[in-house]
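Notes follow once the structure below has been shown.
The values are calculated or read from the model by the stated rules, or taken from the named source; none is laboratory data. Note that the structure is predicted; figures quoted are calculated from it, not measured. FYI the Cβ positions are ideal-geometry reconstructions off the backbone, even for glycines, and counts take in every protein chain you see.
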């Protein structure tokens, strides 16, 4: 290797507060509607997805080069374990192949690149303060790009458990084939 070749930056692999339980602040977040339209979902599916998303929470654990993200909503929890910088392949609930690559941009910023069928999604999670995380979502599909911002607030273990219990209750109270009215 030449003495003049640029040196690559070593991975960050440090957590300055991203790990924890994060509850979506729907009042300060963009609704998911534009992404759902781009995916081709009809009005009823958009309404249901927006209601599910409104009660979403994330559990993030960053230890060394390992990242675990658990998405919690009324449909159930979805856990993803990844090694930063290594691609992960899985199947979506609908059988669509998903490929994800996660990276740590800084001790307070994570980025996930996701290929979901024909959609390309980039999610960047940035710690704005000790109690607030901002997630920028950019989705490209069929030549069009949609963007949204979601704001998450740090939750205590008790608040997260209560929210999970409420979501589970709402899911069990839903009539067959539909969502519970609220």
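Of the residues making up region 151-179, those that are surrounded by 13 or more Cβ atoms within 10 Å (Cβ to Cβ) and either modelled with pLDDT of 85 or more or part of a helix (DSSP H, G or I) (or both) number 13.
Note on region 104-117: among residues that are within 14 Å of the chain's Cα centre (by Cα) and at pLDDT 90 or above, the one that is surrounded by the most Cβ atoms within 10 Å (Cβ to Cβ) is 110.
The set of residues in region 63-98 being under 17 Å from residue 110 (Cβ atoms), in a strand (DSSP E or B) and modelled with pLDDT of 90 or more consists of 66, 67, 68, 69, 70, 79, 80, 81, 82, 83, 88. The residue pairs whose first member lies in region 124-147 and is on the phi > 0 side of the Ramachandran plot, whose second member is modelled with pLDDT under 90 and surrounded by 13 or more Cβ atoms within 10 Å (Cβ to Cβ), and whose beta carbons are closer than 8 Å, counting only pairs six or more residues apart or on different chains, are 142/38.
Answer yes or no as to whether residue 125 is at pLDDT below 90, assigned to a strand (DSSP E or B) and closer than 23 Å to residue 21 by Cα.
no
Does region 133-150 include one or more residues that are farther than 19 Å from residue 69 by Cβ, modelled with pLDDT of 90 or more, more than 15 Å from the chain's Cα centre (by Cα) and surrounded by fewer than 16 Cβ atoms within 10 Å (Cβ to Cβ)? Working first, answer last.
The first filter runs over region 133-150 and keeps only residues farther than 19 Å from residue 69 by Cβ, leaving 140-147.
Narrowing the set further to residues that are modelled with pLDDT of 90 or more leaves 140, 145, 147.
Subsequent filtering for residues that are more than 15 Å from the chain's Cα centre (by Cα) retains 140, 145.
Filter once more, so that each one left must be surrounded by fewer than 16 Cβ atoms within 10 Å (Cβ to Cβ): 140, 145.
So far as region 133-150 goes, yes, one or more of its residues are farther than 19 Å from residue 69 by Cβ, modelled with pLDDT of 90 or more, more than 15 Å from the chain's Cα centre (by Cα) and surrounded by fewer than 16 Cβ atoms within 10 Å (Cβ to Cβ).
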